[in-house]
Amino acid sequence: MHLPVLVPEAIQALAIRAGGTYVDGTFGRGGHSRAILERLGPAGRLIALDRDPQAEQAARGISDPRFSFIQARFSDLSKVLGERQVEGLLFDLGVSSPQLDDAARGFSFRADGPLDMRMDPTSGVSAAQWLSQAEEEEIREVIRGYGEERFAKQIAAAIVAARLREPLRGTRQLADLVGQAVRTREPGQDPATRTFQAVRIHVNRELEEVSLMLPQAIERLAPGGRLAIISFHSLEDRIVKRFMQGQARPQLPRDLPLRASEMPQPSLRIMGRPAKASPEEIRSNPRARSAVLRVAERTAAPYVPNIRIEPDARWRN
């Protein structure tokens, strides 16, 4: 069973208007969507997106005329909405429990399964395919950058050596390989945890998806609308934080001759401090431990891309 995280906090952050239009950009199994629908009036609308075909199957269980589901990446937000403006957007960037718990998806090493890891198994390159053909240097930098793994060099070398003997096809096969290459690990953490995170992020282009989505979200938000994003690791949270701060406090080069009246106005207003799961929620859902919710409100000022987002900046703080 999938337990959505920070549901009361996310719903409060959206400040839902009964007749508004909202977007759940990461439907998952619909926990946040159902909570939004409970607060919408008859004229309200909810548009849900997800690239996972299993999410589409779950969405069929919601028979509500106010609800529509579209299988799409959240970087396709502008294509989905067209010129429509909405009153709120919610993105839960984590991997859902059904994805982690289904061995056939290849996200976890707790049970052996095919080394896939794709959010949409019908498109793109699987983890096994990428690991079979990537250069050792690329594997090393992905594991170091996306997994923040200090033994990335040893792990990459072990992967390249192992694939010369036999193809890498299974999750336990990769996990055992990493376990042999990692000399020490934090208590309570499997040696393969960081490597699996890194490969999953790379295969699904997760950080790039976040970076492409953020400007589109601002452009589709109506003034007074809310953008709420739940992150689960520091890399994606850093992108969200820097983007929101850059739009809330736009800056230009110091030597650019502009009058104060000509300075760009903020397109976002940051709403309070980041929210985290309560001790009670963490006890009932340990996966909520690392969740961080950031919220910003759209102003009437035009969006100006005043900061450079680095979707592939694996090592930049």
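The table that follows gives values for the structure above.
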| quantity | calculated |
| --- | --- |
| Matching helices (runs of 4 or more DSSP H) fully within segment 53-136 where at least 1 residues are under 24 Å from residue 208 (Cα atoms), open to solvent by less than 30 Å² (accessible area, probe 1.4 Å) and in contact (Cβ under 8 Å) with a residue 60 or more places away in the chain | 77-81, 97-101, 127-133 |
| Matching entry among 47, 11, 36 (being hydrophobic (A, V, I, L, M, F, W, C), over 24 Å from residue 274 (Cβ atoms), at pLDDT 95 or above and open to solvent by less than 50 Å² (accessible area, probe 1.4 Å)) | 47 |
| Contacts under 6 angstrom Cβ, first residue in segment 216-239 being of a type in the set (Val, Ile, Thr), partner in a helix (DSSP H, G or I), 6 or more apart | 229/240; 239/210; 239/211 |
| Count of residues meeting criterion [polar (S, T, N, Q) and under 23 Å from residue 238 (Cβ atoms)] in segment 139-172 | 0 |
| Any chance residue 141 is surrounded by 16 or more Cβ atoms within 10 Å (Cβ to Cβ), within 13 Å of residue 195 (Cα to Cα) and in contact (Cβ under 8 Å) with a residue 60 or more places away in the chain | yes |
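Every residue, every condition in (1) in contact with a helix residue (DSSP H, G or I) (Cβ under 9 Å, 6 or more places away or on another chain); (2) among the basic types (Lys, Arg), yes or no:
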| site | (1), (2) |
| --- | --- |
| 150 | yes, yes |
| 156 | yes, no |
| 159 | yes, no |
| 167 | yes, no |
| 172 | no, yes |
| 175 | yes, no |
| 185 | yes, yes |
| 190 | yes, no |
| 199 | yes, no |
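The values are calculated or read from the model by the stated rules, or taken from the named source; none is laboratory data. Keep in mind that this is a model prediction, so the values were computed, not measured. We place every Cβ from the backbone using ideal geometry, glycine too, and count neighbours over all the protein chains shown. For accessibility, only protein heavy atoms count, side chains too; no ligands or nucleic acids. Shrake-Rupley method; radii C 1.70, N 1.55, O 1.52, S 1.80 Å.
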